[in-house]
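Since every read-out is calculated from the coordinates, none of them should be taken as a lab result. Worth saying up front: this structure is predicted, and the values here are computed from it rather than measured. Here the Cβ is made from the backbone with ideal geometry for all residues, glycine too, and neighbour counts use every protein chain on show.
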């Protein structure tokens with residue numbers, strides 16, 4: 001069976017340029033270190049699937065120089081797909097077309113902001129894509145977007161005219177799928193970490209309290225690299241009850 005491609009949509013972490021909404025709380029250096037740790041942890045979750053599937057990990061990144069930096073800490077067997085566009089939908093469409101053209105039977109694109117993403121959700125995505133018909137698989141995020149999209153065929157229309165970076169992304173995408181008669185499978189919900197509020201959710205999870213709204217019945221990713229950035233005292237940084 002051909003390999004499934006699982007790509008992390010990301011940029012190379014840089015102080016002052018990464019996790020900018022977290023800089024007032026963590027500082028520029030730790031925010032960039034957090035972004036780096038997220039990518040390491042997501043790559044590890046991809047690697048955990050290799051016992052059950054033949055999968056290839058990728059970084060879908062921009063610009064070309066980012067691949068050189070990412071290669072210093074991502075797994076040696078990761079591939080790189082450079083796609084530059086200010087519109088996220090164009091990047092997703094181009095990356096899907098690119099990776100399918102490389103001979104993969106399906107493509108899963110994951111955000112770089114979910115360090116505890118359960119490997120079982122990645123597994124469920126691949127299984128759904130291999131059921132034999134043309135379909136799209138989405139992992140809805142609790143903020144209204146999605147943390148994952150999977151396709152076993154090229155379908156750029158799914159990414160057109162979507163209000164990116166708004167809480168309406170998932171709803172708009174499902175509406176587009178209905179309009180073009182595309183079969184969709186939805187996975188359990190998870191969350192992104194890109195602002196102080198979602199950082200509180202991550203710290204709460206590390207402290208034994210899984211965020212409301214996510215799938216409560218799956219084992220979270222280990223997030224070893226991300227956990228290593230926080231000492232026990234950091235868990236007291238929780239700014240609100242979650």
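Seen from all directions on average, the range 37-152 presents a Cα convex hull projection of 7.3 nm². Shape analysis of the range 132-234 yields a ratio of the Cα radius of gyration to the Kirkwood radius, Rg/Rh, of 1.05. Antiparallel beta bridges, as assigned by DSSP with both residues in the range 4-237, represent about 30 percent of the total such bridges.
Using the Cβ-Cβ distance between residue 65 and residue 195 with R0 set to 25 Å, the FRET efficiency from 1/(1 + (r/R0)^6) comes to roughly 0.40. Quickly estimate the mean residue ellipticity at 222 nm for the chain, helices only: each DSSP H run with n ≥ 4 gives -39500 (n - 2.57), and the total goes over all residues, rounded to 500. My calculation for the chain gives -10000 deg cm²/dmol from helical runs alone. Evaluated at q = 0.13, 0.17, 0.18 Å⁻¹, the base-10 log of the normalised Debye intensity for the chain, with identical point scatterers placed on the Cα atoms, takes the values -0.76, -1.36, -1.53. Shape analysis of the range 136-178 based on the Cα gyration tensor places the equivalent ellipsoid semi-axes at 16, 12, 8 Å, largest first. Classify the range 91-138 as rounded, prolate or oblate from the Cα gyration tensor: take a ≥ b ≥ c as the square roots of its eigenvalues, call it rounded if a/c is under 1.5, otherwise prolate when a/b beats b/c and oblate if not. It is oblate, given that a/c is not under 1.5 and a/b is not larger than b/c. In units of the rule-of-thumb radius 2.2 N^0.38 Å, the range 1-96 shows an alpha carbon radius of gyration of 1.13.
Multiplying the residue separation of residue 209 and residue 175 by 0.36 nm and subtracting their alpha-carbon distance yields 8.9 nm. Projected label points at residue 80 and residue 153, each 7 Å from Cα along the beta carbon direction, are separated by 3.3 nanometres.
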